[in-house]
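Trainee: Below is one structure. I have some questions about it.
The values are calculated or read from the model by the stated rules, or taken from the named source; none is laboratory data. Source: prediction; values computed, not measured. Quick reminder, even Gly has a Cβ in these numbers, built from the backbone with ideal geometry, and neighbours come from all protein chains shown. When the accessible area is computed, the model is the full protein with side chains, heavy atoms only, and any ligands, DNA or RNA have been set aside. Shrake-Rupley method; radii C 1.70, N 1.55, O 1.52, S 1.80 Å.
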Amino acid sequence: MSRKFNFSAGPSTLPLEVLEQAKAEFVDFKGIGMSLIEASHRGKDYEQVHNESIALFTELLGIPKNYKVLYLGGGATLQFSMVPLNLMAQNKSCDFMVTGIWSKKAAADAKKVGKVNVVYDGAAEKFTSLPKGGLKFDPNAAYVHIASNETIHGVQFQQWPDTGKVPLVVDMSSDIMSRPVPVEKMGLIFAGAQKNLGPAGLTVVVIREDLLEIPNDLTAYLGYKTHATENSLYNTPPVFAIYIFKLVLEWAKKNGGLKGITERNEQKAKLIYDAIDVCPGFYKGPVQKEDRSKMNIVFTLPSEALETELLDLAKKSGMVGLKGHRSIGGCRVSLYNAMPVEGAKALSELMKDFAKKKV
Ligand code: PMP
């Protein structure tokens, strides 16, 4: 079998080692006579995977003791509702930085729950840059919401906004575990697993414990407290996704932890941005340099026909998933943790050769 270099934005590439281990133990998990996905989520075999994955994630991301890790369903999109429902249960206002489609969608949902004060809106610049300070956050807001990495527009926060005592809520769906983050400065982090962490179906929430105490009258599943009290076993968790998540974490630890991941991600992003920047008349990266994402790199070519030609050529060379999001067009290179440096090298060479031939 020849595996492709899969640059898709999510679901996306996973480490081959992880897929192979899952395959090897799929039918008979560690000699228990059944697959783990057939085992009870209340049994000791699954519970061990569940608890070890929480411990490993806590260790790798450096999550302080006063935070809880929750495993939920519903995708990151359910968090667009759960965050305001839980955190705005008393204080009916929050601040939003709208830096792309994902924070825009989250703001639209939060508006159904309470007052949303948009402190920054990058729509006028087509979401190609991020603000550098000078924002006025409401000191009485329930929280400030940002998306650390806008998967479609390719902008990524390199510095975290200072929100004072107001909890910072970060949608890290497309860059969680890709670099070190000061978790202690954040009130809540959420991420769909299907980019850096594993398969779709699992959403990870990291929440500071005091935020669990905001009174609300939500139904059981919608309240974070329910999941925190029940160690994310209030109902059946997405057991398959959690099992793969654990394998991904083990792979990450074996490969240098967050430090190793960060180094490889920087190397990969540099390879692609260099290919864009050495051919400035040909490739155009719309995002301001200091706000460029290391996870999702967007660029255009002089014409749609040339874009199609590049994508076809890449496909023939075993590189797929490079079409830009339908809402903005162009090309997008997603370089999640499991993309090997060789993949970025191969694409970078192909891009440079293609430009040379066409200019
Ligand atoms: N936030 C961001 C930054 C995303 O990239 C995505 C999905 N691509 C979402 C939220 C929505 O995630 P889900 O599909 O898991 O609901």
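Trainee: Among GLY31, GLY10, which is the only one that is outside the structural domain of LYS345 (by TED's automatic domain parsing) and surrounded by fewer than 16 Cβ atoms within 10 Å (Cβ to Cβ)?
Mentor: Criteria check complete, one pass: GLY31.
Trainee: When region 162-176 is examined, which residues are found to be away from the ligand (no atom under 14 Å from the Cβ) and not polar (S, T, N, Q)?
Mentor: Listed by number, the residues that qualify are ASP162, GLY164, LYS165, VAL166, PRO167, LEU168.
Trainee: Provide a single number: the residues in region 155-190 that are touching a Ser or Thr at 6+ places or on another chain (Cβ under 7 Å) and surrounded by fewer than 23 Cβ atoms within 10 Å (Cβ to Cβ).
Mentor: Here the count works out to 3.
Trainee: Among the residues of region 300-359, which ones are over 24 Å from GLN267 (Cβ atoms), touching a residue at least 24 places away in the same chain (Cβ under 8 Å) and basic (Lys, Arg)?
Mentor: LYS358
Trainee: Only one of PHE57, PHE96 is closer than 30 Å to MET339 by Cα, buried (at least 16 other Cβ atoms within 10 Å of the Cβ) and aromatic (Phe, Trp, Tyr). Can you tell me which? Talk me through it step by step, then tell me what you get.
Mentor: Values: PHE96 fails: closer than 30 Å to MET339 by Cα.
It is PHE57.
Trainee: Of the residues that make up region 146-154, is at least one open to solvent by 30 Å² or more (accessible area, probe 1.4 Å) and either more than 18 Å from the chain's Cα centre (by Cα) or over 20 Å from LEU72 (Cβ atoms) (or both)?
Mentor: Scanning region 146-154, I find no residue that is open to solvent by 30 Å² or more (accessible area, probe 1.4 Å) and either more than 18 Å from the chain's Cα centre (by Cα) or over 20 Å from LEU72 (Cβ atoms) (or both), so the answer is no.
Trainee: Quick check on PRO84: is it away from the ligand (no atom under 16 Å from the Cβ) and open to solvent by less than 70 Å² (accessible area, probe 1.4 Å)?
Mentor: no
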